[in-house]
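S.K.: I'd like to ask you about the structure that follows.
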Amino acid sequence: MSATQKLNRKQQILECLALMLQTSPGQRITTAKLAAEVGVSEAALYRHFPSKARMFEGLIEFIEESIFSRINLILTDHKESLIRCHHMLHVLLIFAERNPGMCRILSGDALMGENERLRSRVNQFFEKLESQFKQVLRERKLREGKSFTINEQALANILVAFAEGKISGYVRSGFAKKPSEEFAEQWQFLMASK
């Protein structure tokens, strides 16, 4: 198998896993079920990934790369802190909406009974996101000469908790209640006391 074929098979495995997470809410994904879905043997899965945990890590890496690469574009394109925060939050909610299977990972739902380091990786993702918000909020004072009625750390935590709540609600609703629903109105409320 060529390197390109190997990469394509890895990608196919990850896409199948993400789809199974979306279409089988609340169910544990076994390597046997995944292998059957991909159309290969379990041994073939393990030739591409040494463990199921590595497969989940591949999806977490996709989430991180997708979100933080978009955040970097936002930071390049916009200078005003509140616009940056709005776009950052909106990007996360739209990503979640378009990738329901990934929401099961972000909410921890799909990681029950899996390796503890996976939950730790998701936690690190949200910590990094919170740090990014905090940095943007702190820059407001320097760039715009304005401060908030609440400290930047607390506000960054609120923004991340809001996103986590929207993602968890999406999973709980069986992917019916979209994370971006009512976002514009909710954002106005969150920023009312800025």
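S.K.: Roll a 1.4 Å probe over the protein chains and send me the accessible area per residue for the chain in Å².
M.R.: Here the residues of the chain average 52 Å² of exposed surface.
S.K.: Let me ask something additional. Compute the angle between helix 52-77 and the longest alpha-carbon principal axis of the chain, please, reported from 0 to 90 degrees and rounded to the nearest 10.
M.R.: Around 30 degrees separate the two axes.
S.K.: Right, something else. Which one, 30, 94, 176, is farthest towards the positive end of the dipole of the chain when Lys and Arg carry +1 and Asp and Glu -1 on their Cβ?
M.R.: 30
S.K.: Working from the alpha-carbon coordinates of segment 1-110, get Rg over Rh, Rh being the Kirkwood radius. Before the final figure, lay out the partial values.
M.R.: Numbers: Rg = 16.4 Å, Rh = 15.3 Å.
A ratio of 1.07.
S.K.: About its Cα centre, how strong a charge dipole does segment 59-141 have in debye, to the nearest 20, once Lys and Arg get +1 and Asp and Glu get -1 at the Cβ?
M.R.: Around 320 debye, computed over segment 59-141.
S.K.: Quick one: Debye curve from the C-alpha atoms of the chain, no solvent, what's log10 I(q)/I(0) at q = 0.08, 0.18 Å⁻¹?
M.R.: Summing over Cα pairs of the chain leads to -0.31, -1.18.
S.K.: Kindly express, to the nearest 10 degrees and within the range 0 to 90, the angle between helix 116-144's C-alpha long axis and the longest C-alpha principal axis of the chain.
M.R.: 20
S.K.: May I ask for the angle, rounded to the nearest 10°, between helix 3-23 and the longest principal axis of the chain, with both axes built from Cα atoms and the value confined to 0 to 90°?
M.R.: Once rounded, one gets 70 degrees.
S.K.: Could I ask something else about it? Taking only DSSP H segments of four or more residues, each worth -39500 (n - 2.57), what value at 222 nm results for the chain once the sum is divided by all its residues, to the nearest 500 deg cm²/dmol?
M.R.: Helix-only estimate at 222 nm: -25000 deg cm²/dmol.
S.K.: Further question on the same structure: Ignoring ligands, DNA and RNA, please state the percent of accessible area on the chain from carbon and sulfur, probe 1.4 Å.
M.R.: Within the chain, the accessible surface is 50 percent carbon and sulfur.
S.K.: Within 15 Å, Cβ to Cβ, of residue 175, how many net charges do the neighbouring residues add up to if Lys/Arg are +1 and Asp/Glu are -1?
M.R.: So the surrounding residues net to +3.
S.K.: Let me spell out the model: positive unit charges on the Cβ of Lys and Arg, negative unit charges on the Cβ of Asp and Glu, origin at the Cα centre of segment 103-173. What dipole size does that give, in debye rounded to 20? Provide the component values of the computation, followed by the final result.
M.R.: Working: 13 positive and 9 negative charges, 44 e Å.
Using Cβ point charges on Lys, Arg, Asp and Glu, segment 103-173 gives about 220 debye.
S.K.: Counting only C-alpha contacts under 8 Å and six or more residues apart, can you give the relative contact order of the chain as a whole percent?
M.R.: With pairs under 8 Å counted, the relative contact order is 23 percent.
S.K.: Based on the mean of other Cβ atoms within 10 Å per residue, sort peptides 149-162, 78-91 so the most packed one is first. Don't jump to the answer; show the numbers that get you there.
M.R.: Values: 149-162: 16.0, 78-91: 18.4.
Averaged packing, sorted descending, gives the order 78-91, 149-162.
S.K.: Lysine pairs in segment 9-158 8 or more apart or on different chains: how many have alpha carbons under 25 angstrom apart?
M.R.: So the count of such lysine pairs works out to 11.
S.K.: Between segment 36-111 and segment 128-181, what's the alpha-carbon centroid distance in Å?
M.R.: 17
S.K.: Roughly how big is the chain's charge dipole about its Cα centre, with Cβ charges of +1 (Lys, Arg) and -1 (Asp, Glu), in debye to the nearest 20?
M.R.: Using only the charged Cβ atoms, the result is roughly 220 debye.
The values are calculated or read from the model by the stated rules, or taken from the named source; none is laboratory data. Bear in mind that the values here come from a model prediction, so they are computed numbers and not experimental data. A quick note on method: Cβ atoms are made from the backbone with ideal geometry, for glycine too, and the neighbour counts reach across all protein chains shown. Note: areas computed on protein heavy atoms with side chains; ligands, DNA, RNA excluded. Shrake-Rupley method; radii C 1.70, N 1.55, O 1.52, S 1.80 Å.
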